[in-house]
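J.: The structure that follows is given in the form of structure tokens.
The values are calculated or read from the model by the stated rules, or taken from the named source; none is laboratory data. Everything numeric in this text was worked out from a predicted model, so none of it was measured. Please note: Cβ atoms are built from the backbone with ideal geometry, for glycine as well, and neighbour counts cover all protein chains shown.
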Amino acid sequence: MLTEVTKRYVGPPAVDALRRVSLEVQQGRHTVITGPSGSGKSTLVNIIGTLDTASSGQVVVAGHDLSGASEVERAQFRRHQLGFVFQSSHLLAGRSVVENVEFALLMRDGARRPAHRDQAREALAAVGLDSRWMADTRHLSGGESQRVAIARALVTQPSLIIMDEPTGNLDSRAAQAVLALVRELVLRSITVITVTHDPLVTQTGDAVIRMRDGGVESVDHA
């Protein structure tokens, strides 16, 4: 997926957040990226998620070489191929659960379509929240909010879902529920990459990439 990728932030002084990183993420698996603050893991996942660009090297995601892609091309790729789940669920306040999930389809398609409601409810059913589809998101627990965020990432049928500290704001019970959902996604052959400091998440990965000082320190497979 990544070959000799370097990311340099111009100074002064210049900082190499990534240094000649090469790695491959297996499809249909849960890959965990971990490491201390400043190790380069956030930069790495931002490049994989096309939210940032590499200074040099080759970036191939879901079979697409994005190394020379324009900003417009990267945005189009994100809408159709990627789903994102963050530490804060970033739900639309004052909107229903189903409207939040439909929003991902609206962004992808550029207009509302009759099938969106059924697709959103199907995604909510997959995360165990179909009975809450009309609930106001302000009345959800932290665990429920993250499940809505996962449904929103899932509804566009992406090739890859990227999660950034998805359990960071959750208690252990809610975190376990989110990780069970991640396992279900992988069983559906969806590739999941999770950036985390949480040892509980690290223990559940099919592969664990440990970052340090802008490089890959080790790669462990379950």
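J.: So, in region 123-145, exactly how many residues are in contact (Cβ under 8 Å) with a residue 12 or more places away in the chain and either assigned to a helix (DSSP H, G or I) or polar (S, T, N, Q) (or both)?
T.: So the answer is 11.
J.: Give region 121-149 a look and list any residue that's within 19 Å of Gln81 (Cβ to Cβ) and touching a Phe, Trp or Tyr at 6+ places or on another chain (Cβ under 9 Å), or say none.
T.: Listed by number, the list holds a single entry, Ala149.
J.: Given the criteria at pLDDT 90 or above, more than 30 Å from Asp171 (Cβ to Cβ), buried (at least 17 other Cβ atoms within 10 Å of the Cβ) and under 15 Å from the mean Cα position of the chain (by Cα), does Gln119 qualify?
T.: No.
J.: For Val192, indicate whether it is of a type outside the set (Lys, Arg), more than 28 Å from Gln76 (Cα to Cα), touching a strand residue (DSSP E or B) at 6+ places or on another chain (Cβ under 7 Å) and crowded, with 21+ Cβ neighbours inside 10 Å.
T.: no
J.: Kindly check whether there is at least one residue in region 66-74 that is out of contact with any helix residue (DSSP H, G or I) (no Cβ under 6 Å at 6 or more places or on another chain), closer than 24 Å to Gly205 by Cα and of a type in the set (A, V, I, L, M).
T.: No, every residue in region 66-74 fails to be out of contact with any helix residue (DSSP H, G or I) (no Cβ under 6 Å at 6 or more places or on another chain), closer than 24 Å to Gly205 by Cα and of a type in the set (A, V, I, L, M).
J.: Considering (1) part of a helix (DSSP H, G or I); (2) modelled with pLDDT of 95 or more; (3) farther than 15 Å from Gln87 by Cα, say which one Arg152 fails and leave the rest.
T.: Among (1) part of a helix (DSSP H, G or I); (2) modelled with pLDDT of 95 or more; (3) farther than 15 Å from Gln87 by Cα, Arg152 violates only (3).
J.: Applying the selection to region 92-116, what residues are loosely packed, with under 15 Cβ neighbours inside 10 Å, in contact with a Lys or Arg (Cβ under 8 Å, 6 or more places away or on another chain) and of a type in the set (Gly, Ala, Ser)?
T.: Scanning region 92-116 gives Ala93, Gly94.
J.: Also: Hey, can you tell me all the residues within region 124-158 that are surrounded by fewer than 19 Cβ atoms within 10 Å (Cβ to Cβ) and either within 11 Å of the chain's Cα centre (by Cα) or at positive phi (or both)?
T.: Gly128, Gln157
J.: Please report, ordered by residue number, the strands (runs of 3 or more DSSP E) entirely within region 1-90 with at least 3 residues that are in contact (Cβ under 8 Å) with a residue 12 or more places away in the chain and surrounded by fewer than 19 Cβ atoms within 10 Å (Cβ to Cβ).
T.: Strands (runs of 3 or more DSSP E) meeting the threshold: 2-9, 15-23, 56-61.
J.: Just for strands (runs of 3 or more DSSP E) wholly inside region 175-222: which have at least 3 residues that are of a type in the set (A, V, I, L, M, F, W, C)?
T.: 191-195, 207-212
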